[in-house]
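Contents: one structure, followed by commentary.
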Amino acid sequence: MSKIKTPQAIRGTQDIFGTDAEAFAFVVETFERVRKLYRFRRVEMPVFEKTEVFSRAIGETTDVVSKEMYSFEDRGGESLTLRPEFTAGIARAFLTNGWQQHAPLKVGTHGPLFRYERPQKGRYRQFHQIDAEILGAGEPQADVELLAMADQLLRELGIEGVTLHLNTLGDGDSREAWRAALIEYFSAVRGELSEDSQERLEKNPLRILDSKDPRDRKFVGDAPKIDAFLSDDARAFFDAVTSGLDAAGVKWARAEGLVRGLDYYRHTAFEFIPDEGSAAAAALGSQSTILGGGRYDGLMESLGGAPTPAVGWAAGIERLAMLVGEKSEPALEAMVLVEHDDGLAVANELLSKLRTAGVVADIMATGSVKKRYDKAVKQNPQHILRVNEHGYHGISGEGDNRRIVAAIN
RNA sequence: GCGAUCGUAGCUCAGUUGGUUAGAGCGCCGGUUUGUGGUACCGGAGGUCGGGGGUUCGAGACCCCUCGAUCGCCCCA
């Protein structure tokens, strides 16, 4: 018999099991419940799209597109890509399916995303997000509702010590003027910046603002602020968002340095980040953003559609699952213990009745009688139903067993 | 893409300055003793020490490469 080598899992993928899987499911279930409260409609999206959907929407120069996508040619020679995010695909669907007729359209979804990155705590190559978008809504009210939903979700997940960091990038003109000012400002001290930021100066100068490098931090404080470049409209928009949040009881903090890495963002940008020193911060390590998003009014045009305002956010399920605490698997209410194999038929009948009645039940029917009891007890059942060759002959266990008794009679 | 640490049975880990048949606990399988559901004990299976090269009389221990994990940088959810 030749030795077959077991193939190993692909780097950066996870096999989630037990209490971790329960925490994962808890996040998804809570999201689904809150989603319905806010009347976000469920959508299911393809896991892959034509590569251009992402390259055009997200931006060719972004790290996500330039070095993190899983792209391949299908048998027809077409370049396809495993989705690295939800937003671009949802925007494409909005355009190709004529969802304009439903605008403003609130949708939510969840599922796996793929990014070729170095795996790390809270960062995987196949990871999972929950996602909420409001398409075709240009009013600040949409931003407010979306953020209120995110805030409620985090509360219902029982996650504490997390703050909404909020910023505005202004409209397209504001953003460009600010960007130009930042380039001018940082170019003057170029030689003193970190190597990373010297490169960012070319590719994405906004990102210098949230650099962690002390060499950069020195200059960030005095860097030009977006507020100085906001048009009156952009300022009014942001004010409407913040006053709406206040009215909705959503706590937030202004974060002037907060920017987004993807090209399509305008106006509102936000991240929910654990407070320094909190348990959540410790649990997440350096991958600290648990929910992030913003307004992407320019995205539809980049996909060839009519100008369509939209806002959205996404949150990493793995990161949220790390914060929701231990989620135990459902308690075993009734264990049917088969003391003799001739009792199997009776046992199966009992099991059927129990489960039909909604009782969490399992069966133990292998090994010696002693082993059966030992193994059954280790699963910590609330009650044990004994079955032998003569049939069912009793129930034991602490506490109320009326549901169980009623189910089997 | 860069850096640091790490990789021994299913799991958690020991394995002294390189030296005879690689160990423990838990788990698993079998049994004994108890016990009319949580005990104690005995035995067993299971590892080409992540993989590949090299140094050496001899390497799980040293060197190189590679794969993977973990944690940072970067990026992002």
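Across the accessible surface of chain A, with the other protein chains kept in place and a 1.4 Å probe, carbon and sulfur atoms take up 50 percent. Summing charges over neighbours of A:L284, with a neighbour being any other residue whose Cβ is under 11 Å away from its Cβ, gives +2 when K and R count +1 and D and E count -1.
Axis of helix A:18-37 versus longest Cα principal axis of chain A: the two differ by about 60°, to the nearest ten degrees. Within the listed set A:A345, A:A91, A:A103, the residue fluctuating most in the Gaussian network model of chain A (springs between alpha-carbon atoms under 10 angstrom) is A:A345.
If you wrap the Cα atoms of the range A:38-106 in a convex hull and average its projected area over all directions, you get 5.5 nm². Surface listing: A:H267, A:H340 arranged by accessible area from highest to lowest gives A:H340, A:H267, probe 1.4 Å. The residues of the range A:2-147 present an accessible area of 53 Å² per residue when probed at 1.4 Å with all protein chains retained. Average accessible surface for the range A:334-408: 57 Å² per residue, computed with a 1.4 Å probe over protein heavy atoms with every protein chain in place.
In chain A, the longest principal axis of the Cα atoms and the axis of helix A:369-378 are about 30 degrees apart. Normalised by 2.2 N^0.38 Å, with N the number of residues, the alpha-carbon radius of gyration of chain A equals 1.25.
Compared with the direct C-alpha span, the chain from A:V369 to A:E60 gains 104.6 nm at full extension, assuming 0.36 nm per residue. Would you list, by chain and number, the lysines whose Cα falls below 27 Å from the Cα of A:K50, excluding same-chain residues fewer than 8 positions away? Straight-distance partners of A:K50: A:K67, A:K106, A:K203. Relative to the longest principal axis of the Cα atoms of chain A, helix A:87-96 runs at roughly 80 degrees.
How many nm separate the modelled label positions at A:R39 and A:K378, each set 7 Å beyond the Cα in the direction of the Cβ? Between A:R39 and A:K378, the simple spin-label model gives 5.4 nm. Bridges between two residues of the range A:334-408, per DSSP, are antiparallel at a rate of about 30%. Helices in chain A, meaning DSSP H runs of at least 4 residues, each add -39500 (n - 2.57). Divided by all residues, the mean residue ellipticity at 222 nm is -11500 deg cm²/dmol.
Between the alpha-carbon centres of the range A:56-102 and the range A:106-132 there is a gap of 15 Å. Once you list every other residue whose beta carbon is under 12 Å from the beta carbon of A:A236, what net charge do they have if Lys and Arg are +1 and Asp and Glu are -1? After counting each charged neighbour, the total is -4.
The values are calculated or read from the model by the stated rules, or taken from the named source; none is laboratory data. Not measured: the values here are computed from a predicted model. No Cβ is skipped: glycine too gets one built from the backbone with ideal geometry, and neighbour counts run over all protein chains shown. The accessibility values were calculated without ligands, DNA or RNA, using every heavy atom of the protein model including side chains. Shrake-Rupley method; radii C 1.70, N 1.55, O 1.52, S 1.80 Å.
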